Amino acid sequence: MAAADQNPLGSGFHAKSEPHEILAGIDLTGKTAIVTGGYSGIGLETTRALANAGATVIIPVRDPAKAEENLSSIEGDVSSAKMDLADLDSVRGFASSAYDTIDALDLLINNAGIMACPLERVGPGWESQFGVNHMGHFALTKALLPLLEKANAPRVVALSSIATSAMASSGTISSSRIANIRNGSPMPRQRAPTPCSPMR
């Protein structure tokens, strides 16, 4: 990973900045976002802020009943579709359905994640935290790249967590989140000449 990929953006925001603070004064009307894990925790508040700013928000959900209940309080253009990051066929199916419903994707927020789980294997034998937190998102991002490249100044956001350092000794949560960072950091350079500038 190049040192240049690690330079601070100088945005003025920090780890505890709230979504509504970051989006204050920004009109996202006409923009489309996909937020994994967008129906609970940080993801839910991200969905709320994006919808309030006028974006169309699509939420991939593993638990449709929970998603429907949690998203019911959000006003705006918010929809959901079934997807399980632990199942690559499910990820591909969700991505395929996205091509049927949207022409371009402006923002992909890879937010969903699991941690402190009993040992479990998913996919072709991946440890579940690595499989869900990184490999599932990697597959989703790759599948959606053509839609992202159709947007003006698209963004892929890969969330990490303070737990990455706090639980580094456990290996798995740390490895999965660090893999997200290392995969995402060089994307603007690797995807050139796709434009990369602040979303407005």
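Check the straight Cα-Cα distances from residue 82 and name the lysines below 19 Å, setting aside those fewer than 8 residues away within the same chain.
66, 142
Take each of the peptides 136-148, 94-106, average the number of other beta-carbon atoms within 10 Å over its residues, and list them starting from the highest. Before the final figure, lay out each step's value.
Values: 136-148: 19.9, 94-106: 15.9.
So the order, starting with the most tightly packed, is 136-148, 94-106.
In nm, to one decimal, how far is the modelled label at residue 45 from the one at residue 13, with both set 7 Å along Cα→Cβ?
1.2
Which peptide among 63-69, 39-45 comes first, and what is the full order, when sorted by highest mean count of other Cβ atoms within 10 Å? Write down the numbers at each step before the final one.
Values: 63-69: 12.7, 39-45: 18.1.
Final packing ranking: 39-45, 63-69.
Below 11 angstrom from the Cβ of residue 155, what's the summed charge of the other residues (Lys, Arg +1; Asp, Glu -1)?
0
Give me the 1.4 Å probe accessible area per residue for the stretch 45-90, excluding ligands and nucleic acids, in Å². The partial results should precede the final answer.
Values: 2330 Å² over 46 residues.
Here the residues of the stretch 45-90 average 51 Å² of exposed surface.
The values are calculated or read from the model by the stated rules, or taken from the named source; none is laboratory data. Just so it is clear, the structure is predicted and the values come from calculations on it, not from any experiment. Note that we place each Cβ from the backbone using ideal geometry, even for glycine, and neighbour counts take in every protein chain shown. Please note that ligands, DNA and RNA were not included when accessible areas were found on the heavy atoms of the full protein model with its side chains. Shrake-Rupley method; radii C 1.70, N 1.55, O 1.52, S 1.80 Å.
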